[in-house]
Amino acid sequence: MFEINNLIRKNIKRLKPYSSARDEFTGKASVYLDANESPFDTGYNRYPDPYQNELKRKIGMIKDIPVENIFLGNGSDEIIDLLFRAFCEPKQDNVIIMPPTYGMYSVCADINDVPVKEVNLKRTPKPTFILDTENVEKHIDQNTKLIFICSPNNPTGNAFQHNEIEEVIDIAYSKNCIVVVDEAYIDFCDEKSILPKLNNFKNLIVLQTFSKAWGLAGIRLGMAFTTNNIVKLLSGIKIPYNVNQLTQQHALLSLRKANKKNEKVKQILQQRNILIDRLKQLNYVHTIFPTDANFILIQVDDAQKLYKYLIDKGIVIRDRSNVALCTQCVRITIGTDTENTQLIDAMKTFQNIDKK
Ligand SMILES: *Cc1c(COP(=O)(O)O)cnc(C)c1O
């Protein structure tokens, strides 16, 4: 049976969270002399709301999720780290990741001294990547606390089917284990989000971010959607003011202009189609993997040579050829029309050089 209390680390269960001035007095006063702040108005002399209530209300409205099911972090990366700290006893508990996938899961695991079990995705002839559910199930043991699914997956680009993801969540539930579904790229394929089904699961954490479609990687704001129990747990162990005032304000401004984000997403998706058509014309591009994100994974003759050639032309893509199942693959982020044209022009000249 799934029981969240059996998952939390002992030291965290014992923890008495830091109580800030803003925790101890939450009402409205006319004179604030409780937090050792400067009394002189700089616009930022007061500590920010540690629970980001206004921001969460706005996000909750847009996502149709109650505020008590939302946790915000200094990027999703902070949230990933907090999950290790909340649930994984160092050297004892373990997590499952599904390579090729986002690198931060294993880096956070290493930092927290938590062993990682790798269960590779399956590459199908289609060609795309699917979850190896059977193998994931085999690898879950008594100490497995977290299973990370990235959908759409970085670096392969594809989103997984709901039935695939839900099967893993169900298996994890029966084995008392949490599933983290990282939807960093979900705004590029809204309909594929698992978020509307959040209520069906007690062991599901959905991560989203302002870093990609919202175009706000610089402000560092990540979101977790999950049960109120897990939100409360994470709120108790985060540093008190993890989302700063500038970030909260800027995010609120951007949320008012959600149309702008949607317009940019549309442009990126158009550019993605154009880029795919052009890539198809290059004889050294063997595979263009289907993508639901703002990047494309392709397999070429010689990934490293292409990568270096493009660097010489001032164009940086990501060489992923050393990653599991990605032999001779590079990952290309969709840029502007001009940037993509520059890329394709350079890739055409590479084709000609390559023939000589
Ligand atoms: C880019 C990315 C993130 C974003 O992390 P932030 O800390 O919110 O910027 C999270 N997960 C995946 C898979 C990513 O590719």
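Values quoted throughout were computed directly from the atomic coordinates according to the rules given, and no laboratory measurement underlies them. Quick caveat, the model's predicted, so the values are computed rather than measured. Quick reminder, even Gly has a Cβ in these numbers, built from the backbone with ideal geometry, and neighbours come from all protein chains shown.
A few notes on this one:
- At q = 0.10, 0.11, 0.14 Å⁻¹ the log10 of I(q)/I(0) for the chain amounts to -0.68, -0.81, -1.19, computed by Debye summation with a single uniform scatterer per C-alpha, solvent ignored.
- R0 of 25 Å, Cβ-Cβ distance Met61-Asn199: FRET efficiency to nearest 0.05: 0.90
- Cα convex hull of segment 1-112 - mean projected area over all directions, nm²: 11.0 nm²
- Fully extending the segment from Glu191 to Ala29, taken as 0.36 nm per residue of separation minus the present Cα-Cα distance, adds 53.8 nm.
- Whether segment 235-350 is rounded, prolate or oblate, judged on the alpha carbon gyration tensor where a/c under 1.5 counts as rounded: prolate
- In segment 202-289, Cα pairs under 8 Å separated by at least six residues give a relative contact order of 22 percent.
- Diffusion coefficient, µm² s⁻¹, Stokes-Einstein with Kirkwood Rh over alpha-carbon pairs of segment 1-48 at 25 °C and 0.890 mPa s: 173 µm²/s
- Cα centroid separation, segment 95-122 to segment 250-270: 31 Å.
- Proximal lysines to Lys238, defined as alpha-carbon separation beneath 18 angstrom and excluding residues fewer than eight positions away on the same chain: Lys10, Lys13, Lys16, Lys56
- The label point for Asn11 and the one for Lys91, both projected 7 Å from the Cα toward the Cβ, are 1.2 nm apart.
- Using Cβ point charges alone (K and R +1, D and E -1), the dipole size of the chain about the Cα centre works out to roughly 400 debye.
- For segment 52-202, dividing the convex hull volume of the Cα atoms by the residue count gives 114 Å³ per residue.
- Each Cα pair under 8 Å and six or more residues apart adds its sequence gap; the mean of these over the residue count of segment 1-151 is a relative contact order of 20 percent.
- Set against the 2.2 N^0.38 Å expectation for a compact globular protein, segment 156-226 has a Cα radius of gyration ratio of 1.15.
- Cβ-derived FRET efficiency at R0 25 Å, Ile130 paired with Lys308, nearest 0.05: 0.20
- Simple label model, 7 Å out from Cα along Cβ direction - Glu68 to Ser38, nm: 4.0 nm
- Mean projected area (nm²) of the alpha-carbon convex hull when segment 254-304 is viewed from all directions: 4.4 nm²
- A Gaussian network model of the chain, with springs between Cα atoms under 10 Å, assigns the largest mean-square fluctuation among Tyr309, Tyr44, Tyr284 to Tyr44.
- Contour excess over end-to-end distance, with Cα ends at Tyr241 and Ile111 and 0.36 nm allotted per residue: 44.6 nm
- Computed over the chain: relative contact order in percent, which uses C-alpha pairs under 8 Å that are six or more apart: 18 percent
- Full extension of the chain segment joining Ser174 with Gln142 gains 10.4 nm, where the gain is 0.36 nm per residue of separation less the Cα-Cα distance.
- Sequentially through segment 64-75, phi angles give Karplus couplings (6.51, -1.76, 1.60; θ = phi - 60°) of 6, 10, x, 3, 5, 9, 10, 10, 10, x, 6, x Hz, Gly and Pro residues having no value and appearing as x.
- Ascending count of other beta-carbon atoms within 10 Å, so fewest first, for Leu146, Leu15, Leu216, Leu234: Leu15, Leu216, Leu234, Leu146
- For peptides 91-101, 31-41, sequence by mean Cβ density within 10 Å, most packed first: 91-101, 31-41
- Binning the alpha carbon pair distances of segment 210-285 at 5 angstrom intervals from zero yields the distribution 3, 12, 15, 15, 14, 12, 9, 7, 6, 4, 2, expressed in whole percent.
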